[in-house]
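This report refers to the structure that appears directly beneath it.
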Amino acid sequence: MRVTSYGPGLLDLIPDADVLEGDPTGGDGVAWLLELAAIGLSRRFRVAVHERVAEFTYDDGRVGWRWLPGDEAAPILAAGTCFGDADRDWPAAMDHDLFVPNCTAPEAGNVEAPGSPVDGWYYTPIEPVVSRMREVLAEIDRGDYDYAADDAAELLDQLEFCRTHDLMLAVV
């Protein structure tokens, strides 16, 4: 078993992506996230950058971004960038590195972005994982699955939060 950190804080969770160090404006983080958006995995995703939330869009090769207004950013900032560190086995539905909202790919695959910290990561659209975690909870209730119901319910809540707020969930 390995200790695993997970949450929507791409800039805080990705190893060797110290893009926020020494830049209080978040400009370096936004520049890196624009590169991530240009990969085209998501039509829209959001990321906390210091005390603000940036939204990135991808549409037919065009990348855009904006700072979210305070009321839209508030629940994302309140959730924080890391949901936790887990020293436990994950349900099979969570066997990915990156869970992508508004995913442009119909199914899981590997990120192809040479030079990016996420190059080679195994990603999946977040929507089917939310559905699969609901099934896992039902299997646990029937006694068909050997995993803690509280842990599965917490993961489902966090996945649904990410899906609702267009956040990528990283598992590192």
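Going by alpha carbons, how many degrees (0 to 90, nearest 10) lie between the helix axis of 149-164 and the longest principal axis of the chain? Taking the Cα atoms of the chain, the angle to 149-164 is about 30 degrees.
Using Cα-Cα distances under 8 Å and only pairs 6 or more residues apart, what relative contact order does segment 55-172 have, in percent?
24 percent
Accessible surface area normalised per residue over the chain is 49 Å², counting heavy atoms of protein chains with a 1.4 Å rolling probe.
The three principal axes of the Cα atoms in the chain give end-to-end lengths of 49, 30, 30 Å, sorted in falling order. Seen from Ala74, the other residues with C-beta closer than 13 Å to its C-beta sum to a net charge of -1, counting Lys and Arg as +1 and Asp and Glu as -1.
Accessible surface of the chain, 1.4 Å probe: 45 percent of it comes from carbon and sulfur atoms. Across every direction, the projection of the convex hull enclosing the Cα atoms of segment 39-128 has a mean area of 7.1 nm².
Across all Cα pairs in segment 130-172, the calculated P(r) in 5 Å bins from zero up to the longest distance comes to 6, 23, 28, 22, 13, 7, 2 percent per bin.
Checking every one of the GluC sites (Glu not before Pro) in segment 47-81 against DSSP loop status and a limit of 13 other Cβ atoms within 10 Å picks out Glu51.
Mind grabbing the base-10 log of I(q)/I(0) for segment 96-145 at q = 0.20, 0.25, 0.27, 0.30 Å⁻¹? Debye formula, identical points on the C-alpha positions, no solvent, two decimal places. So the normalised log intensities work out to -0.70, -0.87, -0.94, -1.04.
The values are calculated or read from the model by the stated rules, or taken from the named source; none is laboratory data. Predicted model, so just to flag it, every value in this text is computed and none were measured. Neighbour counts are summed over all protein chains in view; Cβ atoms, including those assigned to glycine, are modelled from backbone coordinates with ideal geometry. Keep in mind that these areas ignore ligands, DNA and RNA; they rest on the heavy atoms of the full protein, side chains included. Shrake-Rupley method; radii C 1.70, N 1.55, O 1.52, S 1.80 Å.
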